[in-house]
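The values are calculated or read from the model by the stated rules, or taken from the named source; none is laboratory data. Source: prediction; values computed, not measured. We place every Cβ from the backbone using ideal geometry, glycine too, and count neighbours over all the protein chains shown.
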């Protein structure tokens, strides 16, 4: 069973509310926990003691980021240590906390947080559901939140119900998790997590139909979620590190909400303004459609021009003469005033191509 992007995103947003009180998360959230975990930071409250904070900082420093890099690089070795001395040292380091807060506003840090969150939490949750044969959206949300919060396998091992009956097992697991929270003074205040899931189970909302109220926050279907941001971050980083460059095309769907579409470096190109090297003046994307006809889109601040080859072809486009306008939809207005193609370059100066970090 493969969960839909909508299901994955809904599970992510539920956990985000639990962690930061915001459906889309809070990249800047930072605190020093009183349970010995040290600094807790970002959209999934990555902590020093768990090692997740060090992974986020390390991923961030591997990008072309410039904000707070000196302070974060200086403290990374200490963040990788999980001794009580190291945790106390970083917890008292005001400069480090301020550097993390400053970095949270950058796209590089947000992508780093999303990538690590997917690797550490969503990927394992999807594997667990696959292993147990779970198919219900509510089951994924329960497992994902448990992986984020911790102790999934420890609690799961005490559930005296077989996996064959998915709904019965999930209900028993959530009840056992609620008892687990109640047995520890420091965890009792987090029982809102299990109380939410028990409420949805009682209502029979196994499909997680929206709207739902999560810890006082309404998740509504009126605004489609930003589908699979963590997936998109993974795709961008993979392409970037292998080829040195990658591109993201952003365009609204039929409801007017932005859709993020990663594209291969081999299919796109952008042209930067000579006076403003960080501004894209035009861009192009070339690809072969299923009918083997070549397609070309030219992106400008005020319009998109669309072309198609006169006939099918096995090879690349050899001449512009083979292209004709794409019928009635040959020119699409662009009301946003900017070229909707964004270039990501690895280890590159502003307005230049990147270099790969690895090869296949």
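So for the range 288-295 (the condition being in contact with a strand residue (DSSP E or B) (Cβ under 7 Å, 6 or more places away or on another chain), in contact (Cβ under 8 Å) with a residue 40 or more places away in the chain and more than 12 Å from residue 338 (Cβ to Cβ)), does at least one residue qualify? No - not one qualifying residue is present in the range 288-295.
Of the residues making up the range 46-57, those that are over 16 Å from residue 102 (Cα atoms) and out of contact with any strand residue (DSSP E or B) (no Cβ under 8 Å at 6 or more places or on another chain) are 50, 51, 54. There is at least one residue in the range 121-135 that is modelled with pLDDT of 95 or more, under 24 Å from residue 31 (Cα atoms) and assigned to a helix (DSSP H, G or I). In the range 42-61, the residue that is surrounded by the most Cβ atoms within 10 Å (Cβ to Cβ) out of those that are in a loop (DSSP other than H, G, I, E, B) and more than 17 Å from the chain's Cα centre (by Cα) is 48. Right, residue 162: assigned by TED's automatic domain parsing to the domain that holds residue 7, more than 23 Å from residue 45 (Cβ to Cβ) and either loosely packed, with under 15 Cβ neighbours inside 10 Å or under 20 Å from the mean Cα position of the chain (by Cα) (or both) or not? Here the answer is yes, as residue 162 does meet what is asked. Residue pairs whose Cβ atoms lie under 6 Å apart, sitting 6 or more positions apart in sequence or on different chains, and linking a residue in the range 39-62 that is free of Cβ contacts under 8 Å to residues at least 40 places away in the same chain to a partner that is assigned to a loop (DSSP other than H, G, I, E, B), are 47/37; 49/37; 49/82. On the stretch given as the range 76-88, residues that are touching a helix residue (DSSP H, G or I) at 6+ places or on another chain (Cβ under 6 Å) and free of Cβ contacts under 8 Å to residues at least 24 places away in the same chain total 2.
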